[in-house]
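Structure first, then comments.
Bear in mind that the values in this text are calculations on the coordinates, not laboratory data. Here the structure is a predicted model, which is why all the values come from computation and not from measurement.
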Amino acid sequence: MRFSNNGAGDTHREPAAQNPFFPLATLKSFGAVIFRSQASRDVACLLDVDVAVSSWVCAPKPLVLASEHYICDFLVTDVEGVQTLMDAHDRQDGPDQKELTAAAASINLRYRRWDHAAVHSGFRLRNSKDLIRYANYTTALGDRVRLLAALNENGTLSVAECLSAFQETKPIAGLASMILGGFIEIDLDEALIGPETKVRRIVC
């Protein structure tokens, strides 16, 4: 998103798209969530399942460039407190990346523009979108205890084997909620999530 001078002394803002993009739920966002495009929505899904990411904000304060004020898609804070301005991969025709990096560095931020391959290669995006749709679910205490106890006893279980632990919560919703909540983990890169996908407990 950019601010540009319209020649009349005013500042014009290109608005972010108001239509919702799938999936609707988010996990690590703060503030208003208005995605500029489906591409930026896809990047947010990857941020939500990245264990190195603590939080992200849509459309942060603009960067001051030589000829315009430029609004990045995200301001991302990692678990160590490092903040990075990010753009989705559909903004390749935007300002020069070196200029954006320098402008970000001037206010003690980093800058990253995602590329298409980083977003769409492999299975991570599809799996993250499947999980994030359940971000607003909460697994019942009894179901959570039953599954964690079974994983303690067996080490790993398949997704199909885990489903029988859920008696109070919808099984897939409960399993996804526990993955997103950091109680259990699966490999998001190996294949699409299926009945044979291995589930492991995360031990803090």
Volume per residue of the C-alpha convex hull in the range 137-201, rounded to whole Å³: 73
Contact order relative to length of the chain, as percent, for alpha carbon pairs under 8 angstrom and 6 or more apart: 17
Under the Karplus curve 6.51 cos²θ - 1.76 cosθ + 1.60, θ = phi - 60°, whole-Hz ³J(HN,Hα) for the range 117-127, x wherever Gly or Pro sits: 5, 5, 8, 9, 6, x, 10, 4, 5, 4, 5
Calculated [θ] (222 nm, deg cm²/dmol) that DSSP helices of n ≥ 4 give over the chain, each run adding -39,500 (n - 2.57): -8500 deg cm²/dmol
Scattering profile of the range 51-204 at q = 0.08, 0.12, 0.13, 0.17 Å⁻¹ [log10 I(q)/I(0), Debye over alpha-carbon scatterers]: -0.33, -0.65, -0.72, -0.97
Cα centroid separation, the range 127-204 to the range 26-90 (Å): 27
